[in-house]
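Visitor: Got a structure for you, questions after.
The values are calculated or read from the model by the stated rules, or taken from the named source; none is laboratory data. What you see is a predicted model, and the numbers here were worked out from it, not measured in a lab. All Cβ positions, glycine included, derive from the backbone under ideal geometry; neighbour counts span all protein chains shown.
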Number of protein chains: 2
Amino acid sequence: MADVIANMSMSLDGFVADPEDRVDRLFEWYGNGDVEVSTAAGAVFTTSEPSAKMLRAVMENLGALITGRRLFDLTDGWGGMHPMAVPVFVVTHEEPAHWPHPDAPFTFVTDGIASAVEQAKKVAGDKHVAVASTTIAQQCLNLGLLDGVQVDLVPVLLGSGVRLFDHLDAVTELTEPEVTEGTRVTHLFYRVKRA
Amino acid sequence: MADVIANMSMSLDGFVADPEDRVDRLFEWYGNGDVEVSTAAGAVFTTSEPSAKMLRAVMENLGALITGRRLFDLTDGWGGMHPMAVPVFVVTHEEPAHWPHPDAPFTFVTDGIASAVEQAKKVAGDKHVAVASTTIAQQCLNLGLLDGVQVDLVPVLLGSGVRLFDHLDAVTELTEPEVTEGTRVTHLFYRVKRA
């Protein structure tokens, strides 16, 4: 069964974006090396070798993606093709009025997070479901639906912005992390311990 | 000249204590191994070998400690003997009315953080000054007086409590971290990059 993994770049003080929703500083590691990593949709990252190895493993195991309406709107729905080229489930209160890519692998889920997780897991099969939204990751944690956390920890203190871990209802124990040292980023993968 | 280093155990979501000021969960790694590390004051930790090595290096290089009045009061002034057995500078608005250890190496600094840092650096000589208070670490960062951050990152999400990094005025770039993988803790040492 597919694992649900929150996956984000985070500053040491816990932010995934600055107060203006900018992520440039936190995403620098995707372009600060000389090893090319191509996504299935044709995007190319140039990272350090350790980051490239980690990214390839993540992409090989990615089966679906859950995102929120905010990120979907901010990116204009990735023009109908997410860089990771996997089915995308958009959690939203209502479907967009004009979605110009009806054939793209996007599903608008209007009946809540648990439904989105269920649908995404079904599509992902044995692969992972990635969660690319702080609020959805938080709700998955609170609902006991999150299996792991991939934090790409960037050596900067932003001071303010959008927090990855916020509004959590309870203490959550994690496993020992898998640590990968990239250039200007420390990749940490934890699994959520079930009580 | 002495470096000023903030040194704390922190949950992955950025807390150094829970809402009731409890630190037990975050300090577990000081006692979850079988390698003994004795402090100069006779306290004994039992940690994993990597943590023990890191702790010994930190203690050998420790020349003075700056703390706030809150931690000083919470610990009853460590009974006049801090576990690290180095001179302690307590930043406070006024000296305690009854301090039963007048000969202990404690200095009450009533004229501000910058003064405490200056006095502690003088005493520390070539060794480090550790900052063991979130508010003082934050003020040191904002004043440009912090040289490094030692974060002992614990694999738990506390959800609420006392944040290590809060009330920061600006973006602070850090160096690549030195990473030490202990048992149920990942030690990360960053230096502050000067603009």
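Visitor: Filter the stretch B:161-177 down to the residues that are more than 7 Å from chain A (Cβ to nearest Cβ) and surrounded by 15 or more Cβ atoms within 10 Å (Cβ to Cβ), then identify the one that is farthest from the chain's Cα centre (by Cα).
Guide: Residue satisfying both the conditions and the ranking: B:Gly161.
Visitor: Among the candidates B:Ser38, B:Ser48, single out the residue that is more than 14 Å from the chain's Cα centre (by Cα), of a type in the set (Ser, Thr, Tyr) and within 14 Å of another protein chain (Cβ to nearest Cβ).
Guide: That would be B:Ser48, the only listed residue that is more than 14 Å from the chain's Cα centre (by Cα), of a type in the set (Ser, Thr, Tyr) and within 14 Å of another protein chain (Cβ to nearest Cβ).
Visitor: Being surrounded by fewer than 19 Cβ atoms within 10 Å (Cβ to Cβ) and hydrophobic (A, V, I, L, M, F, W, C) is the filter here, so list the residues in the stretch B:79-102 that pass it.
Guide: B:Met81, B:Ala85, B:Ala97, B:Trp99
Visitor: Return the residues of the stretch B:102-112 that are over 22 Å from B:Ser38 (Cβ atoms) and part of a loop (DSSP other than H, G, I, E, B); say none if nothing qualifies.
Guide: B:Pro102, B:Asp103, B:Thr110, B:Asp111, B:Gly112
Visitor: Taking the stretch A:137-160 on its own, how many of its residues are farther than 23 Å from A:Trp29 by Cβ and either buried (at least 16 other Cβ atoms within 10 Å of the Cβ) or within 14 Å of the chain's Cα centre (by Cα) (or both)?
Guide: 8
Visitor: Might you let me know whether the stretch B:137-150 holds any residue that is within 8 Å of another protein chain (Cβ to nearest Cβ) and touching a residue at least 24 places away in the same chain (Cβ under 8 Å)?
Guide: Checking the stretch B:137-150: at least one residue is within 8 Å of another protein chain (Cβ to nearest Cβ) and touching a residue at least 24 places away in the same chain (Cβ under 8 Å).
Visitor: Moving on to the next point. Can you work out which of the residues in the stretch A:178-187 that are surrounded by 21 or more Cβ atoms within 10 Å (Cβ to Cβ) and more than 7 Å from chain B (Cβ to nearest Cβ) is nearest to the chain's Cα centre (by Cα)?
Guide: The selected residue is A:His187.
Results for (1) in a loop (DSSP other than H, G, I, E, B); (2) out of contact with any strand residue (DSSP E or B) (no Cβ under 7 Å at 6 or more places or on another chain), shown as yes or no for each residue.
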site: B:Gln119; (1), (2): no, no
site: B:Val129; (1), (2): no, no
site: B:Cys140; (1), (2): no, no
site: B:Leu146; (1), (2): yes, no
site: B:Val149; (1), (2): no, no
site: B:Asp152; (1), (2): no, no
site: B:Phe165; (1), (2): yes, no
site: B:Thr180; (1), (2): no, no
site: B:Thr183; (1), (2): yes, yes
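Visitor: A further question on this structure: Hey, could you check the stretch B:6-27 for residues that are more than 16 Å from the chain's Cα centre (by Cα) and farther than 16 Å from B:Thr75 by Cβ and say which is surrounded by the most Cβ atoms within 10 Å (Cβ to Cβ)?
Guide: B:Leu12
Visitor: Hey, another quick one. For the stretch B:1-21, enumerate the residues that are of a type in the set (Gly, Ala, Ser) and within 12 Å of chain A (Cβ to nearest Cβ).
Guide: Passing the criteria: B:Ala6, B:Ser11, B:Gly14.
Visitor: Related question: With respect to A:Val109, is the statement that it is among the hydrophobic types (A, V, I, L, M, F, W, C), at pLDDT 95 or above, surrounded by 19 or more Cβ atoms within 10 Å (Cβ to Cβ) and touching a Leu at 6+ places or on another chain (Cβ under 9 Å) true?
Guide: no
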